[in-house]
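Reviewing the structure listed below.
The values are calculated or read from the model by the stated rules, or taken from the named source; none is laboratory data. Everything numeric in this text was worked out from a predicted model, so none of it was measured. Don't worry about glycine lacking a Cβ; one is built from the backbone with ideal geometry, like all the others, and counts go over all protein chains shown. We work out accessible area using only protein heavy atoms, side chains counted, and drop any ligands, DNA or RNA first. Shrake-Rupley method; radii C 1.70, N 1.55, O 1.52, S 1.80 Å.
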Amino acid sequence: MIKGFIFYQHGKIPFVINRYIMELFTDDSLLSDFINEYNFKKNYIIYGQCFFLGFQPQKITILVEHSIGSNCYLSCYLIDSITTENGYDTIGIQSPFLDDIFRYKYNYLDSARNGTNLTVSYEDVYKFPFQMDNKQYDLTYRIGHNGDVGLLEDFDKKGEVLITLTSGEVQECYSILIVLQRFAMFMFSRSDVTFKRVTLYNKGLVAGWFYCNLVSDKSASVYDVLFCEFDVMKYVPKILNNIALDSGNKITKSVPLGHLANTDSVFSPQRFIEQIMAFEYLFEKLEPQKAKNKRFPLKDELKSMFDLFPDILSKSGLSSADISEELKDIRVNIVHGYSYYYDFKTNFRIQYMIMMLDRLIQNMSLKWIGFSQNDIDKFIRHFI
């Protein structure tokens, strides 16, 4: 819980933030004026001060998703450090998921064996550019510690993804975090991806902290073995650049991710429909002429894609025509109300169909990103 006040007109309105809901309260007429101006308004920024660490006030910048009366539902907020004066030039993201992708443990051991003392100096393991919202950014993955900072260093830090900022505004920071979350979702084929800590820097020194519902101190990942021999520089730049094509709510250019499940929604009719939507989206990207042809139904679309990636069914004993027919029938049964939630929880055949469709969507996504068939095969081997 965070307490403070926002600046409004020529006064201050006290607030309490709990679970990214900010409640404003005061007997002053300022609150009535604020409600009249911002009631039901979306995506706006307000500024204030909060008491985050001790009794020293710190500047807070708040991005409000929408507000109803005296309650503001927040997208995110930034809290400046006490000494911050000149804004931010870099955002640093710590996450066990990103550490796995960028092979933190393997790179740390390799550097230590080569004689690098990572307790007193850091090492930039990967560097590459990417584009987002028509702006150029540079991503660096760094391991180790800054010995010059001493006790001010974050001793809990493992690896850290550092991205240069162009404006340093709260919306930019939020867009970057959304893109990195979607990138990690794609790499792990799951939707419940979180970050451990997000720090804002100015000339290498901590200048503030970023908070949103994607940041959790309980963030954990145990999939580092999958990335033991993963070629980061071959795959990550292309994938990240594709994900960053769409940093807003609408996906029009990048790969689809709405079909990805968390641990509670792997097998459900709702997720199956999301899979079909993702498949149709990718099919239109890869085969635009066939997608426009009304005489080319879903069953034929599925068959043509399974034929394009024969390794998916090589050990299943199913033909592309058989599995396409079954997937078409499952969709029909859902749409007409013949299949329900518990059918998916108990029918192992349907569950197998969902897993095969996941693999197909992943292959199609990699092809849309621009990888060759050989690159796709090597990528898939890391995760099966």
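Count Lys and Arg as plus one, Asp and Glu as minus one, and take only other residues whose Cβ is under 14 Å from that of Ser67; the net charge is then -2. Across the range 159-171, rounded Karplus estimates of 3J(HN,Hα) from the backbone phi angles (6.51 cos²θ - 1.76 cosθ + 1.60, θ = phi - 60°) give x, 8, 8, 10, 10, 5, 9, 9, 10, x, 7, 4, 5 Hz, Gly and Pro being marked x. Computed from backbone phi, the HN-Hα couplings of the range 263-270 come to 5, 9, 10, 5, 10, 7, x, 4 Hz, rounded to whole numbers (Karplus: 6.51 cos²θ - 1.76 cosθ + 1.60, θ = phi - 60°; Gly and Pro given as x). Ignoring lysines fewer than eight residues from Lys3 along the same chain, the ones with Cα atoms less than 30 angstrom from its Cα are Lys12, Lys41, Lys42, Lys59, Lys157, Lys196, Lys203, Lys218.
Please find the FRET efficiency linking Ile273 to Lys3, where r is the Cβ-Cβ separation and R0 is fixed at 30 Å, and quote it to the nearest 0.05.
On the way: r = 44 Å, r/R0 = 1.45.
Calculated transfer efficiency: 0.10.
Modelled this way, with points 7 Å down the Cα-to-C-beta line, the labels at Ser372 and Tyr47 are 5.3 nm from one another.
Relative to the dominant Cα principal axis of the chain, helix 348-369 is inclined by about 70°.
Between Ser314 and Gln131, the modelled label-to-label distance comes to 3.6 nm, taking each label 7 Å out from Cα in the direction of the beta carbon. Solvent-accessible surface of the range 186-287, taken per residue with a 1.4 Å probe and all protein chains present: 47 Å². Length gained on full extension, Gln171 to Asp329, computed as 0.36 nm times the residue gap minus the Cα-Cα distance: 52.5 nm. Measuring from a point 7 Å past the Cα of Asp343 along Cα-to-C-beta, which residues in the range 245-274 have an amide N at less than 13 Å? Backbone N within reach: 268-270, 272-273.
Think of it this way: in the chain, Cys50, Cys72, Cys173, Cys228 stand alone, with no other Cys Cβ under 4.7 Å.
For the chain, carbon and sulfur atoms together expose 50% of the accessible surface, with a 1.4 angstrom probe and every protein chain in place. Here the Karplus curve 6.51 cos²θ - 1.76 cosθ + 1.60, taken at θ = phi - 60°, turns the phi angles of the range 249-262 into couplings of 7, 9, 9, 10, 10, 7, 6, x, 9, x, 8, 6, 9, 9 Hz, with x standing for Gly and Pro. Note on Leu245 and Leu109: their simple-model spin labels are 3.7 nm apart, each label 7 Å out from Cα toward Cβ. Fully extending the segment from Tyr223 to Leu286 would add 19.6 nm, taking 0.36 nm per residue of separation and subtracting the current Cα-Cα distance. Per residue, the accessible area of the range 13-170 comes to 52 Å² when a 1.4 Å probe rolls over the protein heavy atoms.
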